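Asks: Encoded as structure tokens, here's the structure I'll be asking about.
The values are calculated or read from the model by the stated rules, or taken from the named source; none is laboratory data. Note that the structure is a prediction, hence the values are computed from the model and not measured. Note that each Cβ is placed from the backbone with ideal geometry, even for glycine, and that neighbours are counted across all protein chains shown. To get the accessible areas, we keep the full protein, side chains included, count just its heavy atoms, and leave off ligands, DNA and RNA. Shrake-Rupley method; radii C 1.70, N 1.55, O 1.52, S 1.80 Å.
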Amino acid sequence: MSANGSPTGKQPTATYDSAFLKACRREPVPHTPVWFMRQAGRSLPEYRKVREGVPMLESCMRPELVTEITLQPVRRHNVDAAIYFSDIVVPLKAIGLDLDIKPGVGPVVEQPVRTRADLARLRDLTPEDVSYVTEAIGLLTRELGGTPLIGFAGAPFTLASYLVEGGPSRTYENAKAMMYGDPQLWADLLDRLADITAAFLKVQIEAGASAVQLFDSWVGALAPADYRKSVMSASAKVFDAVAGYGVPRIHFGVGTGELLGLMGEAGADVVGVDWRVPLDEAVRRVGPGKALQGNLDPTVLFTDKVTVEARAGEVLDAAAGLEGHVFNLGHGVMPNTDPDALTRLVDYVHTRTAR
């Protein structure tokens, strides 16, 4: 791939001139592009119907089902990009770890990673381990045409948190205890996870993903000094590993207002911002040379149309001076969100920002 994201020696791909990829490259756009995290969002009745009786991890491994779920919000909401339907623990399951996603709980790991001996269970990920991903993305890119597909992976810190805690946590006491108390084991764990994550993203890009997003969902639990010392190099390793493909790299975390500059430094082309920091302040923290993504509070969608448009307008006003802006929520779509509110929001942003 060339540095601009088009295949080397060939004409640009069908998605190259899309509003989404232009915004990621900080180029002029016909309108501000929109997509939503957790796009299927469990909010669509058609999503719940096709998922009925199918466990989450199994649904991530059935190419036809992945294709249908990924396409549903594109068809319904007219968003400017699709996000590949997956889960952050898919590559960990693919390398043989005994884990499951329990309804109402989240990922649960049978044997948490707590010792150096446990690292041996984290073998390299090969494309053959996730052949269903390659197949699904092939199906998707044919259906999507000029609409870009965003690849998906969990960042090393968030994956490590699940592995060390054994499941979701509010305090990350075991993960942080390892980070503080056995920094070499922690560094080796994150380095191993960076390799697995990079391999997972490479599979998606080589299959046809036009951009990738690294979700560091829980890294907001860290102080900036700890992020720089104990996490940043692993995230940077992931971004470096896929830099040669020339596709935009997006970095997102929750509660990361104090980390925005460092997350940009780690290698992202686009920094995702949650709803806690206005975009005009976020750009000051991130610095020049990066596009920003965000950042309407997802709970605003539970209000009326006038309020949604007023609050979305505030986000667009705050983004007016940015080099590149991708409109998104400040976190994922909530399950009880009215799908029509999302469709109206996309139409509002497109209409309001049409150039």
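Asks: To the nearest Å, what is the center-to-center distance of the range 316-355 and the range 240-298, using C-alpha atoms only?
Replies: 17
Asks: I've got another one for you. Tell me, rounded to the nearest percent, the portion of alpha carbon pairs in the range 45-182 spaced more than 20 Å apart.
Replies: 53
Asks: Over the chain, with the other protein chains present, what is the accessible area per residue in square angstrom, probe 1.4 angstrom?
Replies: Here the per-residue accessible area is 40 Å².
Asks: Report, to one decimal in Å, the Kirkwood hydrodynamic radius for the chain based on all distinct Cα pairs.
Replies: Value: 20.3 Å, from the Cα pair sum.
Asks: List the lysines whose alpha-carbon lies under 20 Å from that of Lys237, not counting same-chain residues fewer than 8 positions away?
Replies: In chain and number order, the partners are Lys202, Lys229, Lys290.
Asks: When the accessible area of the range 164-257 is split by element with a 1.4 Å probe, what percent falls to carbon and sulfur?
Replies: Reported share for carbon and sulfur atoms: 48 percent.
Asks: For Leu214, what residues show an amide H to amide H distance below 5 Å, using hydrogens built from the backbone and excluding near sequence neighbours?
Replies: Ile250, His251, Phe252
Asks: Which net charge results when you count Lys and Arg as +1 and Asp and Glu as -1 among the other residues whose beta-carbon is under 14 Å from that of Lys202?
Replies: Here the charged neighbours net out to -4.
Asks: Just tell me the longest site-free run in the chain, where the sites are GluC sites (Glu not before Pro) in a DSSP loop having at most 12 other beta-carbon atoms within 10 Å.
Replies: Longest site-free region, per DSSP loop and neighbour criteria: 111-355.
Asks: Still on this structure, please answer the following. Determine the calculated [θ] at 222 nm for the chain from helices alone, applying -39500 (n - 2.57) to every DSSP H run no shorter than 4 residues and normalising by the residue count; nearest 500 deg cm²/dmol.
Replies: Using -39500 (n - 2.57) per qualifying helix, the result is -13000 deg cm²/dmol.
Asks: Which of these, Ser210, Ser230, Ser131, has the largest mean-square fluctuation under a Gaussian network model of the chain (Cα springs below 10 Å)?
Replies: Largest GNM mean-square fluctuation: Ser131.
Asks: Rounding to the nearest 10 and keeping the result within 0 to 90°, find how far the Cα-based axis of helix 131-144 lies from the longest principal axis of the chain.
Replies: 0
Asks: Once you've got the GNM for the chain with C-alpha springs shorter than 10 Å, pick whichever of Gly267, Gly106, Gly255 has the biggest mean-square fluctuation.
Replies: Gly106
Asks: Take the solvent-accessible surface of the protein heavy atoms, probe 1.4 Å, and return the percent of it on the range 16-156 that carbon and sulfur atoms account for.
Replies: Whole-percent figure for carbon plus sulfur exposure: 51.
Asks: I've got another one for you. Percent of accessible area on the range 299-355 owned by carbon and sulfur, 1.4 Å probe?
Replies: 51
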